[in-house]
Amino acid sequence: MSSDTEVDEALRDRLKSALWFTIGKIVDAECVTLRTNASPQFIAALTELVWTQLENVGRDLESFAKHAGRTTVNTDDVLLLARRNDGLEELLRGFVEKEVAAGKGKGKGKGRAR
Amino acid sequence: MPPRKAAAAAAKNPPLLPPPASREEQEQEQEQEQEQEQEQEQDESTVTVPPQLLQRILQEFFEEKKKTRISQPALNATGEYTKTFIREAIWRAAAIRKESGQDPGGVKNMGSFLEVEDLEKLTPQLLLDF
């Protein structure tokens, strides 16, 4: 049991590091646009913030799916996340519809290739 | 015939380096490279959290890790959500930093580095908005 939680901790640390790296890249890209710089502490704090937010998001999504009698989270659940922010909901709905349209056009395309 | 000989010699021993480009050409090349970089940067602004990473993080937070799954479109949408969250945090921080920079008596008026305190100021509203 204790070894299980240790593995858990190690996995979470690695996931957080990966998230940190990604956020660092996004911050760099945005800072170019905004003509500013970000301190490493800023990136670290933002990582913690996003991590905590994702913790809530994960539990919310699971609860939404469960409430609908599903075990698979689908896009409706994600749209529910933005239920209190009309602008965000609109943005996400637009994104989902665009993806659906692109998916129909390309058949089983793997989204935007990077 | 000397001219042919010279040509043959040149063919045998091609110059190792391409002839130095004139300064104008170099500048043009640099401009092109910069343009390409800018294009890449525009791509960068659409950097998202990699879906695989996001999936593993979310999976980690599901209470029934082995039962609950997430569909690919839902994952992409969550990626968009997360990206919007992150960008919003950065832009709000930059706005706060700009404001405090204009304050003439501001003690923290040093450079335009986004700092943790900017994040502290915007976090309550950000969390209410998301």
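The values are calculated or read from the model by the stated rules, or taken from the named source; none is laboratory data. What you are looking at is a predicted structure, and each value in this text was computed from that prediction instead of being measured. Virtual Cβ from ideal backbone geometry, glycine too; neighbours counted across all protein chains shown. Only protein heavy atoms, including side chains, enter the accessible area calculation; ligands, DNA and RNA are left aside. Shrake-Rupley method; radii C 1.70, N 1.55, O 1.52, S 1.80 Å.
Just a few scattered comments:
- A:R84 closer than 22 Å to B:F113 by Cβ, at pLDDT below 95 and loosely packed, with under 13 Cβ neighbours inside 10 Å: no
- For A:L19: the one exception among (1) under 25 Å from B:V116 (Cα atoms); (2) out of contact with any strand residue (DSSP E or B) (no Cβ under 9 Å at 6 or more places or on another chain); (3) open to solvent by 20 Å² or more (accessible area, probe 1.4 Å): (3)
- First in segment B:82-99 and more than 7 Å from every other protein chain (Cβ to nearest Cβ), second anywhere and open to solvent by 40 Å² or more (accessible area, probe 1.4 Å) and part of a helix (DSSP H, G or I), Cβ under 6 Å, 6 or more apart: B:I96/B:K121
- Subset of segment A:52-75 (residues that are open to solvent by 20 Å² or more (accessible area, probe 1.4 Å) and in contact (Cβ under 8 Å) with a residue 24 or more places away in the chain): none
- Across segment A:82-101, the number of residues qualifying as touching a Lys or Arg at 6+ places or on another chain (Cβ under 9 Å) and outside any helix (DSSP H, G or I) comes to 1.
- Test result for A:K104, modelled with pLDDT under 95, basic (K, R) and in a helix (DSSP H, G or I): yes
- In segment B:51-81, the residues that are open to solvent by less than 40 Å² (accessible area, probe 1.4 Å), facing chain A (nearest Cβ under 7 Å) and of a type outside the set (S, T, Y): B:L53, B:I57, B:L58, B:E60, B:F61, B:F62, B:I70, B:A74, B:N76, B:A77, B:E80
- Boolean, A:V100 is open to solvent by less than 70 Å² (accessible area, probe 1.4 Å) and either within 7 Å of another protein chain (Cβ to nearest Cβ) or among the β-branched types (V, I, T) (or both): no
- For segment B:49-69, the set of residues classified as within 21 Å of A:I23 (Cβ to Cβ) and of a type outside the set (S, T, N, Q) consists of B:V49, B:P50, B:P51, B:L53, B:L54, B:R56, B:I57, B:L58, B:E60, B:F61, listed by residue number.
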